[in-house]
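Trainee: Here it is, the structure in full.
The values are calculated or read from the model by the stated rules, or taken from the named source; none is laboratory data. All values reported here derive from a predicted model rather than from experimental measurement. All Cβ positions, even for glycine, are placed from backbone atoms using ideal geometry, and neighbour counts span all protein chains on display. Just so you know, the surface numbers come from the protein's heavy atoms only, side chains and all, with ligands and any DNA or RNA stripped out. Shrake-Rupley method; radii C 1.70, N 1.55, O 1.52, S 1.80 Å.
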Amino acid sequence: MSFKSLIQDMRGELGSISRKGFDVRFGYGRSRSQRVVQDTSVPVDAFKQSCWANMPPELLRDVLMRIELSEDTWPSRKNVVSCAGVCRNWREIVKEIVKVPEVSSKLTFPISLKQPGPRGSLVQCYIMRNRSNQTYYLYLGLNQAAASNDDGKFLLAAKRFRRPTCTDYIISLNCDDVSRGSNTYIGKLRSNFLGTKFTVFDAQPTNPGTQVTRTRSSRLLSLKQVSPRIPSGNYPVAHISYELNVLGSRGPRRMQCVMDAIPASAVEPGGTAPTQTELIHSNLENFPSFSFFRSKSIRAESLSSGPASAAQKEGLLVLKNKAPRWHEQLQCWCLNFNGRVTVASVKNFQLVAAPENGPAGPEHENVILQFGKVGKDVFTMDYQYPISAFQAFTICLSSFDTKIACE
(Lines give C-alpha, C1' and ligand atoms only; values in the text may rest on other atoms or scores of the structure.)
Protein backbone atom coordinates (compact mmCIF):
# COMPACT_ATOMS: atom_id res chain seq x y z
CA MET A 1 0.00 0.00 0.00
CA SER A 2 1.38 3.44 -0.97
CA PHE A 3 1.75 6.17 1.63
CA LYS A 4 -0.84 8.31 -0.19
CA SER A 5 -3.48 5.60 0.04
CA LEU A 6 -2.47 5.01 3.66
CA ILE A 7 -3.12 8.64 4.50
CA GLN A 8 -6.45 8.63 2.64
CA ASP A 9 -7.54 5.53 4.55
CA MET A 10 -6.49 7.17 7.80
CA ARG A 11 -8.45 10.33 7.01
CA GLY A 12 -11.55 8.27 6.37
CA GLU A 13 -11.20 6.54 9.72
CA LEU A 14 -10.56 9.87 11.46
CA GLY A 15 -13.59 11.46 9.87
CA SER A 16 -15.84 8.62 11.01
CA ILE A 17 -14.49 8.69 14.56
CA SER A 18 -14.52 12.48 14.82
CA ARG A 19 -18.11 12.78 13.55
CA LYS A 20 -19.37 10.13 15.96
CA GLY A 21 -17.51 11.67 18.87
CA PHE A 22 -18.71 15.18 17.99
CA ASP A 23 -22.34 14.16 17.71
CA VAL A 24 -22.21 12.32 21.02
CA ARG A 25 -20.27 15.00 22.88
CA PHE A 26 -22.79 17.70 22.06
CA GLY A 27 -25.80 15.39 22.06
CA TYR A 28 -27.35 16.25 18.71
CA GLY A 29 -30.60 14.40 18.18
CA ARG A 30 -30.57 12.68 21.59
CA SER A 31 -32.25 13.23 24.91
CA ARG A 32 -30.23 14.13 27.99
CA SER A 33 -30.42 10.61 29.45
CA GLN A 34 -29.28 9.07 26.17
CA ARG A 35 -26.31 11.42 26.03
CA VAL A 36 -25.12 10.25 29.43
CA VAL A 37 -25.20 6.60 28.40
CA GLN A 38 -23.67 7.06 24.95
CA ASP A 39 -20.96 9.48 26.02
CA THR A 40 -18.83 6.75 27.58
CA SER A 41 -19.29 4.02 24.99
CA VAL A 42 -19.47 5.19 21.38
CA PRO A 43 -16.17 7.08 21.01
CA VAL A 44 -14.23 4.28 22.71
CA ASP A 45 -15.93 1.53 20.67
CA ALA A 46 -15.44 3.46 17.45
CA PHE A 47 -11.75 3.86 18.11
CA LYS A 48 -11.27 0.25 19.24
CA GLN A 49 -12.80 -0.96 15.97
CA SER A 50 -10.33 1.16 14.02
CA CYS A 51 -7.18 -0.43 12.60
CA TRP A 52 -5.20 2.51 14.01
CA ALA A 53 -5.86 1.64 17.66
CA ASN A 54 -2.71 -0.42 18.23
CA MET A 55 -0.30 1.37 15.91
CA PRO A 56 3.31 1.41 17.21
CA PRO A 57 4.22 4.84 18.65
CA GLU A 58 7.16 5.33 16.26
CA LEU A 59 5.01 4.65 13.21
CA LEU A 60 2.16 6.77 14.55
CA ARG A 61 4.49 9.73 15.09
CA ASP A 62 5.90 9.36 11.57
CA VAL A 63 2.41 9.29 10.04
CA LEU A 64 1.24 12.30 12.05
CA MET A 65 4.39 14.25 11.13
CA ARG A 66 3.76 13.61 7.44
CA ILE A 67 0.15 14.74 7.79
CA GLU A 68 1.27 17.92 9.56
CA LEU A 69 3.79 18.70 6.82
CA SER A 70 1.41 17.99 3.93
CA GLU A 71 -1.61 19.82 5.34
CA ASP A 72 0.08 23.18 5.81
CA THR A 73 -2.79 25.51 4.87
CA TRP A 74 -6.49 25.79 5.62
CA PRO A 75 -8.95 24.23 4.94
CA SER A 76 -6.89 21.02 4.58
CA ARG A 77 -5.19 21.73 7.92
CA LYS A 78 -8.38 20.67 9.67
CA ASN A 79 -7.07 17.11 9.28
CA VAL A 80 -4.29 17.96 11.76
CA VAL A 81 -6.91 19.17 14.23
CA SER A 82 -8.91 15.97 13.66
CA CYS A 83 -5.85 13.90 14.53
CA ALA A 84 -5.50 15.76 17.82
CA GLY A 85 -9.13 14.97 18.65
CA VAL A 86 -8.90 11.17 18.33
CA CYS A 87 -7.58 10.40 21.83
CA ARG A 88 -5.22 11.70 24.48
CA ASN A 89 -2.22 9.83 23.10
CA TRP A 90 -2.69 11.24 19.60
CA ARG A 91 -3.33 14.70 21.01
CA GLU A 92 -0.05 14.75 22.95
CA ILE A 93 1.93 13.68 19.89
CA VAL A 94 0.24 16.28 17.66
CA LYS A 95 0.90 19.00 20.25
CA GLU A 96 4.59 18.10 20.17
CA ILE A 97 4.70 18.10 16.38
CA VAL A 98 2.79 21.34 15.76
CA LYS A 99 5.06 24.30 16.47
CA VAL A 100 4.02 27.73 17.71
CA PRO A 101 3.24 30.42 15.09
CA GLU A 102 6.55 32.15 15.87
CA VAL A 103 8.35 29.15 14.34
CA SER A 104 5.84 27.61 11.93
CA SER A 105 3.95 30.75 10.76
CA LYS A 106 0.76 28.64 11.02
CA LEU A 107 -2.43 29.04 13.03
CA THR A 108 -3.66 25.56 13.93
CA PHE A 109 -5.33 25.39 17.35
CA PRO A 110 -7.31 28.10 19.20
CA ILE A 111 -4.34 28.73 21.50
CA SER A 112 -2.42 29.91 18.42
CA LEU A 113 -4.51 33.10 18.55
CA LYS A 114 -2.96 33.95 21.93
CA GLN A 115 0.62 33.21 20.84
CA PRO A 116 3.01 35.68 19.16
CA GLY A 117 3.01 35.70 15.37
CA PRO A 118 5.92 34.69 13.12
CA ARG A 119 9.21 36.56 13.01
CA GLY A 120 10.02 38.43 9.83
CA SER A 121 6.70 37.87 8.03
CA LEU A 122 3.16 39.18 8.42
CA VAL A 123 0.13 36.95 9.00
CA GLN A 124 -2.49 38.26 6.58
CA CYS A 125 -6.01 38.46 8.00
CA TYR A 126 -9.10 40.55 7.38
CA ILE A 127 -11.98 41.88 9.45
CA MET A 128 -15.60 42.02 8.33
CA ARG A 129 -17.97 44.46 10.04
CA ASN A 130 -21.68 43.86 10.48
CA ARG A 131 -23.24 47.28 11.10
CA SER A 132 -26.71 45.93 11.91
CA ASN A 133 -25.68 44.06 15.07
CA GLN A 134 -22.36 45.81 15.84
CA THR A 135 -20.34 42.64 15.37
CA TYR A 136 -16.85 42.17 13.93
CA TYR A 137 -15.41 38.95 12.52
CA LEU A 138 -11.72 38.14 12.10
CA TYR A 139 -10.70 35.73 9.33
CA LEU A 140 -7.41 34.27 8.20
CA GLY A 141 -6.93 35.23 4.56
CA LEU A 142 -6.41 32.08 2.47
CA ASN A 143 -5.57 33.97 -0.72
CA GLN A 144 -5.10 37.51 -1.99
CA ALA A 145 -8.78 37.79 -2.98
CA ALA A 146 -10.09 36.41 0.31
CA ALA A 147 -11.42 39.73 1.56
CA SER A 148 -13.51 40.25 -1.57
CA ASN A 149 -15.06 36.80 -1.94
CA ASP A 150 -15.61 36.02 1.77
CA ASP A 151 -13.29 33.00 1.59
CA GLY A 152 -11.33 32.66 4.81
CA LYS A 153 -10.81 30.70 8.00
CA PHE A 154 -12.83 32.14 10.89
CA LEU A 155 -10.67 33.07 13.89
CA LEU A 156 -12.44 35.44 16.31
CA ALA A 157 -15.62 37.45 16.76
CA ALA A 158 -16.27 40.64 18.72
CA LYS A 159 -19.50 42.39 19.65
CA ARG A 160 -19.83 46.04 20.67
CA PHE A 161 -21.80 46.90 23.81
CA ARG A 162 -22.41 50.59 24.49
CA ARG A 163 -22.66 51.50 28.18
CA PRO A 164 -23.36 54.87 29.89
CA THR A 165 -19.70 55.68 30.61
CA CYS A 166 -17.74 53.33 28.34
CA THR A 167 -17.88 50.87 25.46
CA ASP A 168 -17.06 47.16 25.69
CA TYR A 169 -16.04 44.84 22.88
CA ILE A 170 -16.57 41.24 23.98
CA ILE A 171 -14.32 38.78 22.11
CA SER A 172 -15.17 35.12 21.58
CA LEU A 173 -13.96 32.05 19.70
CA ASN A 174 -17.56 31.34 18.65
CA CYS A 175 -19.13 33.59 16.03
CA ASP A 176 -22.62 32.56 17.16
CA ASP A 177 -22.12 33.13 20.90
CA VAL A 178 -20.38 36.44 21.58
CA SER A 179 -21.17 37.13 25.24
CA ARG A 180 -19.41 37.56 28.56
CA GLY A 181 -21.06 34.41 29.91
CA SER A 182 -19.92 32.13 27.10
CA ASN A 183 -17.28 29.47 27.74
CA THR A 184 -15.66 30.62 24.47
CA TYR A 185 -15.06 34.12 25.85
CA ILE A 186 -11.33 34.94 25.75
CA GLY A 187 -11.14 38.65 26.54
CA LYS A 188 -12.52 42.13 25.95
CA LEU A 189 -11.64 45.69 24.99
CA ARG A 190 -12.96 48.60 27.08
CA SER A 191 -12.88 52.30 26.16
CA ASN A 192 -13.50 55.48 28.09
CA PHE A 193 -16.42 57.79 27.30
CA LEU A 194 -14.47 59.88 24.76
CA GLY A 195 -13.07 56.86 22.96
CA THR A 196 -9.49 58.06 23.50
CA LYS A 197 -8.22 55.44 25.95
CA PHE A 198 -8.68 51.69 25.77
CA THR A 199 -7.69 48.74 27.95
CA VAL A 200 -7.33 45.19 26.63
CA PHE A 201 -8.28 42.47 29.11
CA ASP A 202 -7.33 38.83 28.71
CA ALA A 203 -9.41 36.10 30.34
CA GLN A 204 -6.26 34.34 31.51
CA PRO A 205 -2.83 35.59 32.57
CA THR A 206 -0.05 35.91 30.02
CA ASN A 207 2.71 36.05 32.63
CA PRO A 208 2.88 33.96 35.83
CA GLY A 209 1.90 36.01 38.86
CA THR A 210 -0.19 38.53 36.94
CA GLN A 211 -2.89 40.09 39.12
CA VAL A 212 -6.50 40.00 38.02
CA THR A 213 -8.66 43.10 37.84
CA ARG A 214 -12.32 42.59 38.57
CA THR A 215 -14.91 44.81 36.90
CA ARG A 216 -18.54 45.35 37.78
CA SER A 217 -19.71 42.99 35.02
CA SER A 218 -17.61 40.11 36.34
CA ARG A 219 -18.91 40.70 39.90
CA LEU A 220 -22.49 40.54 38.67
CA LEU A 221 -21.67 37.44 36.68
CA SER A 222 -20.35 35.62 39.73
CA LEU A 223 -23.54 36.39 41.66
CA LYS A 224 -25.63 34.76 38.95
CA GLN A 225 -23.53 31.56 39.04
CA VAL A 226 -24.05 30.99 35.35
CA SER A 227 -21.46 28.27 34.84
CA PRO A 228 -18.43 26.95 36.76
CA ARG A 229 -16.40 26.99 33.50
CA ILE A 230 -16.73 30.70 32.77
CA PRO A 231 -13.30 32.33 32.37
CA SER A 232 -13.94 35.28 34.67
CA GLY A 233 -10.49 36.84 35.00
CA ASN A 234 -9.71 40.33 33.72
CA TYR A 235 -5.97 40.61 33.18
CA PRO A 236 -4.84 43.92 31.62
CA VAL A 237 -2.46 43.11 28.78
CA ALA A 238 -2.41 46.36 26.80
CA HIS A 239 -3.34 50.04 27.03
CA ILE A 240 -4.19 52.01 23.87
CA SER A 241 -4.41 55.80 23.75
CA TYR A 242 -5.25 58.29 21.01
CA GLU A 243 -3.88 61.82 21.12
CA LEU A 244 -6.47 64.54 21.71
CA ASN A 245 -7.05 66.91 18.80
CA VAL A 246 -7.69 70.09 20.79
CA LEU A 247 -7.13 72.41 17.81
CA GLY A 248 -9.56 70.61 15.57
CA SER A 249 -7.06 70.35 12.70
CA ARG A 250 -7.59 67.72 10.04
CA GLY A 251 -5.00 64.99 9.82
CA PRO A 252 -4.17 61.36 10.68
CA ARG A 253 -4.80 59.99 14.14
CA ARG A 254 -1.92 59.59 16.55
CA MET A 255 -2.00 56.48 18.70
CA GLN A 256 0.26 54.46 20.93
CA CYS A 257 -0.10 51.06 22.57
CA VAL A 258 1.59 49.97 25.78
CA MET A 259 1.90 46.18 25.80
CA ASP A 260 1.83 45.28 29.51
CA ALA A 261 2.85 41.66 28.96
CA ILE A 262 5.62 42.15 26.35
CA PRO A 263 9.10 43.50 27.18
CA ALA A 264 10.65 46.11 24.91
CA SER A 265 13.55 43.73 24.26
CA ALA A 266 11.19 41.37 22.38
CA VAL A 267 11.71 43.29 19.12
CA GLU A 268 15.49 43.08 19.37
CA PRO A 269 17.47 40.18 17.86
CA GLY A 270 17.19 37.24 20.23
CA GLY A 271 14.42 38.87 22.25
CA THR A 272 11.49 36.79 23.51
CA ALA A 273 7.84 37.44 24.30
CA PRO A 274 5.67 35.43 26.73
CA THR A 275 3.77 32.58 25.07
CA GLN A 276 0.62 30.95 26.42
CA THR A 277 0.54 27.18 26.04
CA GLU A 278 -3.14 26.36 26.53
CA LEU A 279 -6.54 27.96 26.92
CA ILE A 280 -7.80 27.68 30.48
CA HIS A 281 -11.47 27.88 31.43
CA SER A 282 -11.11 29.32 34.90
CA ASN A 283 -13.43 29.28 37.89
CA LEU A 284 -14.03 32.32 40.07
CA GLU A 285 -12.82 30.34 43.10
CA ASN A 286 -9.38 29.94 41.55
CA PHE A 287 -8.55 33.64 41.98
CA PRO A 288 -7.72 35.47 45.23
CA SER A 289 -10.63 37.54 46.50
CA PHE A 290 -8.49 40.53 47.54
CA SER A 291 -7.38 41.51 44.04
CA PHE A 292 -10.91 41.10 42.67
CA PHE A 293 -12.17 44.32 44.21
CA ARG A 294 -9.43 46.62 43.01
CA SER A 295 -10.76 49.02 40.41
CA LYS A 296 -7.40 49.32 38.66
CA SER A 297 -4.18 47.40 38.57
CA ILE A 298 -1.07 49.05 39.97
CA ARG A 299 0.45 49.20 36.52
CA ALA A 300 -2.68 50.75 35.02
CA GLU A 301 -2.55 53.53 37.61
CA SER A 302 1.12 54.21 36.95
CA LEU A 303 0.49 54.42 33.19
CA SER A 304 -2.55 56.68 33.40
CA SER A 305 -0.56 59.92 33.62
CA GLY A 306 2.11 59.19 31.05
CA PRO A 307 1.71 55.81 29.31
CA ALA A 308 4.77 55.89 27.05
CA SER A 309 7.30 57.29 29.51
CA ALA A 310 6.15 55.14 32.41
CA ALA A 311 6.07 52.01 30.26
CA GLN A 312 9.56 52.60 28.91
CA LYS A 313 10.87 53.02 32.44
CA GLU A 314 9.41 49.62 33.27
CA GLY A 315 10.91 48.11 30.12
CA LEU A 316 7.58 47.48 28.40
CA LEU A 317 7.04 47.41 24.65
CA VAL A 318 5.43 50.60 23.32
CA LEU A 319 3.95 50.67 19.82
CA LYS A 320 3.30 53.92 18.00
CA ASN A 321 1.70 54.66 14.66
CA LYS A 322 4.06 55.23 11.76
CA ALA A 323 3.87 58.84 10.61
CA PRO A 324 2.31 59.13 7.11
CA ARG A 325 3.58 61.52 4.46
CA TRP A 326 1.54 64.12 2.60
CA HIS A 327 1.05 63.35 -1.11
CA GLU A 328 0.79 66.58 -3.08
CA GLN A 329 -0.81 65.05 -6.18
CA LEU A 330 -3.38 62.99 -4.29
CA GLN A 331 -3.85 65.66 -1.62
CA CYS A 332 -3.98 63.11 1.18
CA TRP A 333 -1.84 61.40 3.82
CA CYS A 334 -0.21 58.21 2.53
CA LEU A 335 1.43 55.07 3.93
CA ASN A 336 2.97 52.17 2.05
CA PHE A 337 0.74 49.17 2.77
CA ASN A 338 2.28 47.12 -0.08
CA GLY A 339 -1.07 46.80 -1.84
CA ARG A 340 -2.95 45.51 1.21
CA VAL A 341 -5.05 48.70 1.63
CA THR A 342 -7.02 50.25 -1.22
CA VAL A 343 -9.42 52.77 0.39
CA ALA A 344 -8.35 55.98 2.15
CA SER A 345 -9.67 56.13 5.70
CA VAL A 346 -8.82 57.81 9.00
CA LYS A 347 -8.90 54.32 10.53
CA ASN A 348 -5.87 53.11 8.53
CA PHE A 349 -2.62 52.79 10.49
CA GLN A 350 0.73 51.03 10.80
CA LEU A 351 2.34 50.36 14.18
CA VAL A 352 6.07 50.14 14.85
CA ALA A 353 8.06 49.75 18.06
CA ALA A 354 8.96 53.01 19.78
CA PRO A 355 12.65 53.23 20.78
CA GLU A 356 13.31 53.21 24.52
CA ASN A 357 16.16 55.71 24.53
CA GLY A 358 18.20 57.34 21.82
CA PRO A 359 17.82 56.91 18.06
CA ALA A 360 15.68 54.19 16.54
CA GLY A 361 17.39 51.06 15.25
CA PRO A 362 16.47 48.84 12.28
CA GLU A 363 14.16 46.76 14.47
CA HIS A 364 12.06 49.87 15.12
CA GLU A 365 11.29 50.29 11.41
CA ASN A 366 9.57 46.93 11.02
CA VAL A 367 5.77 47.16 10.83
CA ILE A 368 4.39 44.98 13.62
CA LEU A 369 0.70 45.62 12.85
CA GLN A 370 -1.05 47.27 9.93
CA PHE A 371 -4.76 47.83 9.47
CA GLY A 372 -6.63 49.39 6.57
CA LYS A 373 -9.82 49.58 4.58
CA VAL A 374 -10.43 47.64 1.36
CA GLY A 375 -14.25 47.81 1.13
CA LYS A 376 -17.32 49.33 2.73
CA ASP A 377 -17.19 46.93 5.69
CA VAL A 378 -14.01 44.97 4.97
CA PHE A 379 -10.59 45.75 6.45
CA THR A 380 -7.24 43.97 6.28
CA MET A 381 -5.25 43.18 9.43
CA ASP A 382 -1.63 41.98 9.17
CA TYR A 383 0.51 41.29 12.22
CA GLN A 384 3.76 39.63 13.25
CA TYR A 385 5.95 38.90 16.27
CA PRO A 386 5.85 39.83 19.14
CA ILE A 387 2.06 40.40 19.30
CA SER A 388 -0.65 37.75 18.91
CA ALA A 389 -3.77 37.65 16.74
CA PHE A 390 -5.90 38.38 19.81
CA GLN A 391 -3.86 41.46 20.72
CA ALA A 392 -3.78 42.67 17.12
CA PHE A 393 -7.56 42.24 16.81
CA THR A 394 -8.25 44.30 19.94
CA ILE A 395 -5.97 47.11 18.77
CA CYS A 396 -7.80 47.22 15.43
CA LEU A 397 -11.17 47.24 17.19
CA SER A 398 -10.13 50.42 18.98
CA SER A 399 -9.87 52.12 15.59
CA PHE A 400 -13.55 51.39 14.89
CA ASP A 401 -14.76 53.15 18.01
CA THR A 402 -16.03 56.74 17.68
CA LYS A 403 -13.47 59.27 18.90
CA ILE A 404 -15.24 62.51 19.78
CA ALA A 405 -12.09 64.41 20.77
CA CYS A 406 -9.67 63.09 18.15
CA GLU A 407 -11.27 64.11 14.88
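Trainee: Quick check for you: with a 1.4 Å probe and neighbouring chains kept, what is the accessible area per residue of region 51-98, in Å²?
Mentor: 56
Trainee: I need the peptides 74-87, 336-349, 371-384 ranked by packing, meaning the mean over residues of other C-beta atoms within 10 angstrom, with the highest value on top.
Mentor: My ranking of the peptides, most packed first, is 371-384, 74-87, 336-349.
Trainee: Pop the C-beta distance of THR342 and LYS78 into the FRET formula with R0 = 45 Å and round what comes out to the nearest 0.05.
Mentor: Computed FRET efficiency for THR342 and LYS78: 0.90.
Trainee: Moving on to the next point. Measure up LYS106/LYS197; LYS78/LYS197; LYS78/LYS159 against 30 Å on the Cα-Cα distance and list the ones that go over.
Mentor: Among LYS106/LYS197; LYS78/LYS197; LYS78/LYS159, the Cα-Cα distance tops 30 Å for LYS106/LYS197; LYS78/LYS197.
Trainee: Let me ask you something else. Using only the alpha carbons, work out the radius of gyration and Dmax of region 51-98 in angstrom.
Mentor: Calculated on Cα positions, Rg and Dmax stand at 10.1, 29 Å.
Trainee: List the pairs from LYS114/LYS347; LYS188/LYS373; LYS99/LYS347; LYS95/LYS347 whose alpha-carbon separation is above 31 Å, in the order I gave them.
Mentor: LYS99/LYS347; LYS95/LYS347
Trainee: Which percent of the accessible area of region 51-98 is formed by carbon and sulfur heavy atoms (probe 1.4 angstrom)?
Mentor: 53
Trainee: So for the pair ARG325, LEU279, with labels modelled 7 Å out along Cα→Cβ, what separation do we get in nm?
Mentor: Those two pseudo-labels are separated by 4.3 nm.
Trainee: What's the FRET efficiency of LEU69 with SER121 using the Cβ-Cβ distance as r and R₀ = 25 Å, to the nearest 0.05?
Mentor: 0.85
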